[in-house]
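Structure, as structure tokens:
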């Protein structure tokens, strides 16, 4: 009798842990986010990123607070409609309201170098 209760509790806890992990993964890799994109460049060029990779401002990469390193996302400038595809390899941005920091090359392709920031939509295309 006591063993049955223990077994039921274990099954319930395992199920609960499974559901929580699914909800966590869904929250981290939700397919689309809207916010503000910014960019970073020369001051970080050649320095290590949070993933351990060396930052190359001429590559098509970006920083995101939660998405897994290696995640491929499409960033659409909501003002111009232009789009770029980048790979997440760093953490950031750390300024309220901003959801992604683009490499210099990605920002150049979007045409936001002079503006510095732009409203955007980030869509997950592929997770590692």
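The values are calculated or read from the model by the stated rules, or taken from the named source; none is laboratory data. Being a predicted model, the structure only gives us computed values, none of them experimental. Positions of Cβ are generated from backbone atoms using ideal geometry, with glycine treated the same way; all protein chains shown enter the neighbour counts.
Structure notes:
- Filtering the stretch 93-128 to residues that are within 13 Å of residue 66 (Cα to Cα) and over 12 Å from the mean Cα position of the chain (by Cα) leaves only 94.
- All conditions in (1) out of contact with any strand residue (DSSP E or B) (no Cβ under 7 Å at 6 or more places or on another chain); (2) at pLDDT below 65 hold for residue 57, with the sole exception of (2).
To keep it simple, each residue is scored yes or no on (1) modelled with pLDDT of 95 or more; (2) assigned to a loop (DSSP other than H, G, I, E, B); (3) crowded, with 18+ Cβ neighbours inside 10 Å.
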{"position": "73", "(1), (2), (3)": "yes, no, yes"}
{"position": "94", "(1), (2), (3)": "no, yes, no"}
{"position": "101", "(1), (2), (3)": "yes, no, yes"}
{"position": "107", "(1), (2), (3)": "yes, no, yes"}
{"position": "112", "(1), (2), (3)": "yes, yes, yes"}
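- When residue 124 is tested against the conditions (1) surrounded by fewer than 16 Cβ atoms within 10 Å (Cβ to Cβ); (2) in contact (Cβ under 8 Å) with a residue 40 or more places away in the chain, the lone failure is (1).
- Taking the criterion of being part of a loop (DSSP other than H, G, I, E, B), within 14 Å of the chain's Cα centre (by Cα) and on the phi < 0 side of the Ramachandran plot, the only residue of the stretch 75-92 that qualifies is 91.
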